[in-house]
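Scroll down for the structure; my scribbles are underneath it.
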Amino acid sequence: MTSNNILVTGFGPFGEHKVNASWEAVKLLPQFKFDDSNVIVREIPVLYKYIDEEIPILWKIYNPKLVVHVGVSSYAKDLTLETQAFRIGYLQRDCQSNLHLTGEICSIKQGKDCIQSALDIGKICKNVNANNKVKTQPSTNAGRYLCEFVFYKSLNIDSSRTLFIHVPPIGKPYSAEELASGIAETINCALEQLDEQATVETARL
């Protein structure tokens, strides 16, 4: 039985992103309403070691109804909802210039080569686009960096309640407040899906 917690993470500074749009938006989420759910926001560093060790701990502490990781992408023009993440290929250095020791999130025995979110990403994008100024689109390429790394880490724990959202840098074209609004709308659409699924499962019992 999951809690009513929603865990949302944004990344800290790295590279050219001295102010990371993901955290600037995520830290505003507590001002939004999510029915009876409790939103918990955390800033995480762009470090392989931290994600390897701390993300499973956050899952255990909060037993979340939904986990949403948010990262910034210079290529994004809108909110980009990632649909899948891969287990291997992490060859770029993190913000402390460290490479991952193996380039793999886990061994093949511990996770599939590719894991897809069980949430209907297309439906979420459609609903957000109908109700919010900030537009969304799906993506199949999360970038093989710390964004995809954390996404896979959570998908491998529970793909039925994990999302990843890439946001553009602040002002290109959205403000932090607008990005937060779009993320909040995305979260509410995901929660609606989860509630619908729970209703169907209950009806089958």
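The values are calculated or read from the model by the stated rules, or taken from the named source; none is laboratory data. This one's a predicted model, so the numbers in the text were calculated from it and none came from an experiment. Glycine gets a Cβ as well: all are built from the backbone with ideal geometry, and neighbour counts include every protein chain shown.
Just to be sure before I move on: is Ala118 crowded, with 17+ Cβ neighbours inside 10 Å, within 16 Å of the chain's Cα centre (by Cα) and touching a residue at least 12 places away in the same chain (Cβ under 8 Å) in the structure I sent? Against the criterion (crowded, with 17+ Cβ neighbours inside 10 Å, within 16 Å of the chain's Cα centre (by Cα) and touching a residue at least 12 places away in the same chain (Cβ under 8 Å)), Ala118 does not qualify.
Which of the residues that make up the stretch 171-181 are surrounded by fewer than 23 Cβ atoms within 10 Å (Cβ to Cβ) and either touching a strand residue (DSSP E or B) at 6+ places or on another chain (Cβ under 8 Å) or within 16 Å of Leu29 (Cα to Cα) (or both)? Within the stretch 171-181, Ser175, Ala176, Glu177, Glu178, Ser181 qualify. Among (1) surrounded by 21 or more Cβ atoms within 10 Å (Cβ to Cβ); (2) free of Cβ contacts under 8 Å to residues at least 24 places away in the same chain; (3) not small (Gly, Ala, Ser), which single condition is Thr136 missing? Among (1) surrounded by 21 or more Cβ atoms within 10 Å (Cβ to Cβ); (2) free of Cβ contacts under 8 Å to residues at least 24 places away in the same chain; (3) not small (Gly, Ala, Ser), the lone unmet condition for Thr136 is (2). The residues of the stretch 27-48 that are at pLDDT 95 or above and either buried (at least 16 other Cβ atoms within 10 Å of the Cβ) or closer than 25 Å to Glu104 by Cβ (or both), listed by number, are Lys27, Leu28, Leu29, Val39, Ile40, Val41, Arg42, Ile44, Pro45, Val46, Leu47, Tyr48. Quickly run through the stretch 1-45 and pick out the residues that are of a type in the set (A, V, I, L, M) and under 14 Å from the mean Cα position of the chain (by Cα). Ile6, Leu7, Val8, Ala21, Ala25, Val26, Leu29, Val39, Ile40, Val41, Ile44, listed by residue number. When you check His17 against the structure, is it under 21 Å from Ser160 (Cα atoms) and not hydrophobic (A, V, I, L, M, F, W, C), yes or no? The answer is no for His17.
Looking at Asp52, is it in a helix (DSSP H, G or I), surrounded by 14 or more Cβ atoms within 10 Å (Cβ to Cβ) and either in contact with a Ser or Thr (Cβ under 9 Å, 6 or more places away or on another chain) or not aromatic (Phe, Trp, Tyr) (or both)? Yes; evaluated as a whole, the condition is true for this residue.
Annotation: of all residues in the stretch 55-85 being in a loop (DSSP other than H, G, I, E, B) and not basic (Lys, Arg), the one that is nearest to Leu191 (Cα to Cα) is Pro64.
Among the residues of the stretch 10-49, the ones that are of a type outside the set (A, V, I, L, M, F, W, C), assigned to a helix (DSSP H, G or I) and touching a helix residue (DSSP H, G or I) at 6+ places or on another chain (Cβ under 6 Å) come to 1 in all.
Candidates are the residues of the stretch 89-115 that are surrounded by 17 or more Cβ atoms within 10 Å (Cβ to Cβ) and of a type in the set (A, V, I, L, M, F, W, C); the one that is modelled with the lowest pLDDT is Ile105.
A search for C-beta distances below 9 Å between a residue of the stretch 72-98 that is closer than 13 Å to Phe151 by Cα and any residue that is of a type in the set (Asp, Glu) and surrounded by fewer than 18 Cβ atoms within 10 Å (Cβ to Cβ), counting only pairs 6+ apart in sequence or on different chains, returns Phe86/Asp113; Arg87/Glu104; Arg87/Asp113; Ile88/Glu104; Ile88/Asp113; Tyr90/Glu104. Looking only at residues in the stretch 14-26 that are of a type outside the set (S, T, N, Q) and closer than 18 Å to Ile55 by Cα, the one that is surrounded by the most Cβ atoms within 10 Å (Cβ to Cβ) is Val26.
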